[in-house]
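Readers should treat all values here as calculations from the given coordinates under stated rules, not as data from a laboratory. Owing to the predicted nature of the structure, the values given are computational and were not obtained by experimental measurement. Please note: Cβ atoms are built from the backbone with ideal geometry, for glycine as well, and neighbour counts cover all protein chains shown.
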Amino acid sequence: MPKMNTSSIHGGEDLIEGPVTFITPIYQSAVFPYPGNGEKKFRGRPLKYSREDNPTNLVLEKRLATLEMGEDALVFSSGMAAIAACLFHLLEDGSKLILSRDVYGSTMLLAKSFEKFGVKVELRGPDVEDIIDALHGAARNGDGKLVVFVESMSNPFLRVIDLDLVSSECKESGAILIVDNTFATPLNLQPLNHGANIVVHSLTKYLSGHNDVVGGCVVSDSRSIDGLWYVRTRLGCTLDPHASFLILRGLKTLGARLKVSQENARAIAEFLEGHKFVSKVYYPGLPSHPSYDVAKRLLNGFGSVVTFELKGNGSTAERFLRSLKFIKPSPSLGGCESLASHPASSSHKDLPEEEKVRLGINERLVRLSVGLEDVDDLIEDIDSALAKAHGY
Ligand SMILES: Cc1ncc(COP(=O)(O)O)c(C=O)c1O
């Protein structure tokens, strides 16, 4: 069985027959001869129309399934499309969806919108004990079909959920566990190996890695993917093959990129932890992080996002962001460029005040998606912006 870096370069490449090339071609075609490709079946289906299947996408799907140790995968036009299709496929009138309250804001809003179809949506956690308590409650009440949605590494505090614990409780309660593995990446964690049923990703982030394409995927067992294939075909949220090509290209350097960005992130986290203008640092590779023990047990690497709290107030954070030179302001993550965001005014802006307080989101928090620049330049950039933010 090839290892991860080999799979991210070669996974799925044997799927397409024809002229030999190292680069997966872009099948920029909406239609295929049908009947005509009938003898050449993909997933037991003839190739007909790109909303259903496209050969470039099929290579990416096989590569992603290999990386996440799943039987099969599907690619979508965005991470949100992947999550929406998954929930649409699984939930029905009377189902209960238990959602960790620190999931990505759009995921939370999307989940809430299923209430109008008779789905009971319960926001719990982020402590694992509270999610388990919700599961026990639902099982006791005899709630309908149970689905649990968590992120393996949460935003912006990088809490690492104990997947072994949650998945065994889900199994006992008959719940389906969906894990958003966007922040961790399959190189650091493979949730299916820890008992999850379904893994979703925003491919927009680390897996494509260059801030130049939007996409999403779902990885699971063949049966679940087969059911989801019909949903994707009906909703029409398949990935465009050109985007697929860019993601296949980005994936080839995932291991190399992550190695550098994680080393940079650790150096920055350690630098910030001793800084006179910083009151708190969140990086799961630091012993001071509340998830350090779980992170050490579950992860192969601690990721490339560092969150910290500046001394001062909201204006200090704003001045800090405006004073950065190389690190650009943006709420995204996972690309070559280092980015900085202010959760209170971007990703978490629309949360009710009491929810922000419960999660610990305050005006002084800054999240860094650490990229591939020379770390000395990044540290100098941060140090100088911290000084400027404090009036020096
Ligand atoms: C953890 C997580 N999941 C899902 C998404 C949605 O992905 P996309 O923007 O590709 O739709 C995001 C986007 O930021 C995210 O951070």
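Estimate the FRET efficiency between Asp226 and Ser384 by the formula 1/(1 + (r/R0)^6), using the beta-carbon distance for r and 35 Å for R0, to the nearest 0.05. It would help to have the intermediate numbers written out before the result.
Working: r = 54 Å, r/R0 = 1.55.
According to the calculation, E is roughly 0.05.
With Cβ to Cβ distances under 11 Å as the rule, what net charge do the other residues near Ala175 carry (K, R +1; D, E -1)?
0
Just to confirm the number: angle between the C-alpha axis of helix 79-90 and the first principal axis of the chain, 0 to 90 degrees, nearest 10?
Taking Cα atoms only, the helix is inclined about 60 degrees.
Could you give the angle, 0 to 90 degrees to the nearest 10, between helix 254-273's Cα long axis and the longest principal axis of the Cα atoms of the chain?
20
Could you please rank Cys170, Cys237, placing first whichever residue has the fewest other Cβ atoms within 10 Å of its Cβ? Walk me through the numbers on the way to the answer.
Values: Cys170 25, Cys237 20.
Neighbour counts put them in this order, fewest first: Cys237, Cys170.
How compact and how long is the range 63-183, expressed as Rg and Dmax of its alpha-carbon atoms in Å?
In order Rg, Dmax, the Cα atoms of the range 63-183 give 13.8, 41 Å.
Give the order of Cys336, Cys86 when sorted by the count of other beta carbons within 10 angstrom, beginning with the fewest.
Neighbour counts put them in this order, fewest first: Cys336, Cys86.
Rounded if a/c is under 1.5, else prolate if a/b is larger than b/c, else oblate: which is the chain, with a ≥ b ≥ c the root eigenvalues of its Cα gyration tensor?
In terms of gyration-tensor shape, oblate.
Shape verdict for the range 156-253, please, from the Cα gyration tensor: rounded (a/c under 1.5), prolate (a/b greater than b/c) or oblate.
oblate
Under 5 Å between amide hydrogens, which residues at least 5 positions from Cys217 or on another chain qualify, with H placed 1.01 Å from N in the peptide plane?
Those qualifying (amide H under 5 Å, at least 5 residues apart or on another chain) are Phe76, His201, Leu203.
Do the alpha carbons of any pairs in Lys3/Lys205; Lys145/Lys205; Lys328/Lys349; Lys62/Lys116 sit beyond 29 Å of each other, and which pairs?
On the way: Lys3/Lys205 22 Å; Lys145/Lys205 31 Å; Lys328/Lys349 19 Å; Lys62/Lys116 35 Å.
In this structure, Lys145/Lys205; Lys62/Lys116 lie more than 29 Å apart at Cα.
Running a GNM on the chain with Cα contacts under 10 Å, which residue among Glu151, Glu337, Glu68 ends up with the highest mean-square fluctuation?
Glu337
Could you please report the charge total around Glu13, scoring K, R as +1 and D, E as -1 over all other residues with beta-carbon less than 15 angstrom from its beta-carbon?
+1
Using 0.36 nm times the number of residues separating Asn300 and Asp212, minus their current alpha carbon distance, what extension gain do you get? Before the final figure, lay out the partial values.
Values: separation 88, 0.36 × 88 = 31.68 nm, distance 2.66 nm.
Stretched out fully, the Asn300 to Asp212 stretch lengthens by 29.0 nm.
Round to the nearest 10 and give me the degree value, 0 to 90, for the angle of helix 314-323's Cα axis relative to the longest principal axis of the chain.
Value to nearest ten degrees: 70.
Taking the Cα-to-Cβ direction at Arg45 and at Ser279 and moving 7 Å from each Cα, how far apart do the two end points lie in nm?
Spacing of the two 7 Å Cα→Cβ label points: 5.4 nm.
Run through all the Cα pairs of the range 255-389 and give the fraction in each 10 Å bin from 0, expressed as whole percent.
Taking all Cα pairs of the range 255-389, the binned fractions are 13, 44, 36, 7, 0 percent.
Quick one: net charge around Glu151, please, counting Lys, Arg +1 and Asp, Glu -1 for every other residue with C-beta under 10 Å from its C-beta.
Combined, the nearby Lys, Arg, Asp and Glu give -1.
Note down the nm distance, to one decimal, between modelled labels 7 Å out along Cα→Cβ at Met1 and at His136.
With each label placed 7 Å out from Cα toward Cβ, I get 3.4 nm.
If you build a Gaussian network model of the chain, linking Cα atoms that sit under 10 Å apart, which residue out of Arg319, Arg223, Arg266 swings the most?
In this elastic network of the chain, the residue with the biggest mean-square fluctuation among Arg319, Arg223, Arg266 is Arg223.
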